[in-house]
Amino acid sequence: MTKLRTDNAIDVCRDEVVETYRRWKEDSTTSVPHCPVRSVLDRIGDKWTTLVVITLAERAHRFSEIHRAIPDISRRMLTQTLRDLERDGMVLRQVFPTKPPSVEYRLTSLGESLLKPLAGLIAWADENQPRIVGARVAYDAGPG
């Protein structure tokens, strides 16, 4: 059984999360609460977006540079991920008038604003990955 840790910082975060969710439910005109987190997590929570954002955090990249930085992503999936990020205003696609045209991708200010919470998530994942793996092993081993 997982031991629950309680301290003031966690209590404050818990209260803030619960209160925000209650407010979204009250403001909703449908049976499903208006929850902006859903649409954001749909984007940044997929398999590739975080890796693309981290790659673009360093500097602007051309498509082939991004593909080399994330070698296991297909060209089709990279194209779709970049389009989705551009649609959400997190990535700017800039076409240069060369022959053939060259295209460069960079984070917008909105995309850059994602880096701070992403850094927190990355730190949390790095710190807790061994505990998560241990919990999975214990769960998969079954009761006993």
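The values are calculated or read from the model by the stated rules, or taken from the named source; none is laboratory data. Worth saying up front: this structure is predicted, and the values here are computed from it rather than measured. A quick note on method: Cβ atoms are made from the backbone with ideal geometry, for glycine too, and the neighbour counts reach across all protein chains shown. Each accessible area value is taken on the protein alone, full model and side chains, heavy atoms only, with ligands, DNA and RNA left out. Shrake-Rupley method; radii C 1.70, N 1.55, O 1.52, S 1.80 Å.
Rounded to the nearest 20 debye, what is the charge dipole size of the chain about its Cα centre when +1 sits on each Lys and Arg Cβ and -1 on each Asp and Glu Cβ?
540 debye
Could you work out the pair-distance distribution P(r) of the chain from its alpha-carbon pairs, with 10 angstrom bin width and percents rounded to whole numbers?
9, 27, 29, 23, 10, 2, 0
Using a 1.4 Å probe over the heavy atoms of the protein chains, calculate the carbon and sulfur portion of the accessible area of the chain as a whole percent.
Carbon plus sulfur share of accessible area: 56 percent.
Count the net charge of all other residues whose Cβ sits under 15 Å from the Cβ of PHE96, scoring Lys and Arg as +1 and Asp and Glu as -1.
With Lys, Arg at +1 and Asp, Glu at -1, the neighbours total +2.
Sort THR108, THR81 from largest to smallest accessible area, using a 1.4 Å probe on the heavy atoms of the protein chains.
THR108, THR81
Please work out how much accessible surface CYS13 shows to a 1.4 Å probe, ignoring ligands, DNA and RNA, in Å² rounded to 10.
80 Å²
If segment 93-144 were replaced by its equivalent ellipsoid, with semi-axes equal to the square roots of 5 times the Cα gyration tensor eigenvalues, what would those be, largest first, whole Å?
The equivalent ellipsoid of segment 93-144 has semi-axes of 44, 16, 7 Å.
Using 0.36 nm per residue, how much length does the chain from ASN128 to HIS67 gain when fully extended, once their Cα-Cα distance is taken away?
Going from the current span to full extension adds 19.1 nm.
So which residue, out of LEU121, LEU85, LEU51, gets the largest mean-square fluctuation from a GNM of the chain using Cα contacts under 10 Å as springs?
LEU121
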